[in-house]
Amino acid sequence: QVQLVESGGGLVQAGESLRLSCVASGSIFRFNAMGWYRRAPGKQRELVATITKGGATGYADSVKGRFTISRDNAKKTVYLQMNSLKPEDTAVYSCNADLYGLGPGDIWGRGTQVIVSS
């Protein structure tokens with residue numbers, strides 16, 4: 001099974017940017033979708049962004065226009081560029097590999113924490 005390791009989180013001020021990386025231990029090409037999810041304190045996990053094997057992307061309404069998901073199969077990496085960060089973006093962000101593209105797969109990274117101060 002592929003393993004996922006996230007990085008790039010940190011403490012930033014509102015309006016600043018971060019780029020999260022999710023590095024896989026093996027090929028991610030076989031997964032129909034890769035995604036970023038987040039869980040804010042006291043809230044349920046929510047989908048942030050997904051990208052299919054063919055490059056189609058989807059975003060939560062709350063991040064559209066601010067976040068961009070991308071993938072580099074050669075580098076076995078999925079990225080989440082986060083611009084114009086808001087305090088409500090504060091959460092633990094986790095990477096997910098979805099073999100069938102039907103929803104979250106069973107393969108998760110441990111997460112990277114993003115804290116946005118006002």
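Annotations
- Placing dummy labels 7 Å off each Cα toward the beta-carbon, the span from SER27 to ARG110 is 2.8 nm.
- Coordinate range along principal axes, alpha carbons of segment 1-55, Å, largest first: 36, 22, 22
- Computed over the chain: relative contact order in percent, which uses C-alpha pairs under 8 Å that are six or more apart: 36 percent
- Reach of LYS86 by Cα under 18 Å, taken over aspartates and glutamates that are not fewer than 8 positions away in the same chain: GLU16, GLU46, ASP61
- Length gained when the stretch SER70-LYS43 is fully extended (0.36 nm per residue, less Cα-Cα span): 7.1 nm
- Here the extension length gained between GLN13 and SER62 equals 15.8 nm, from 0.36 nm per residue of separation less the Cα-Cα distance.
- Alpha-carbon centroids, segment 89-118 and segment 12-63: separation in whole Å: 6 Å
- A full extension of the chain between GLU88 and GLN3 corresponds to an added length of 27.8 nm, given 0.36 nm per residue minus the alpha carbon distance.
Bear in mind these aren't lab numbers, they're just calculated from the coordinates by the rules spelled out. Just so we're clear, the structure is a prediction, and the values are computed from it rather than from any experiment. Glycine gets a Cβ as well: all are built from the backbone with ideal geometry, and neighbour counts include every protein chain shown.
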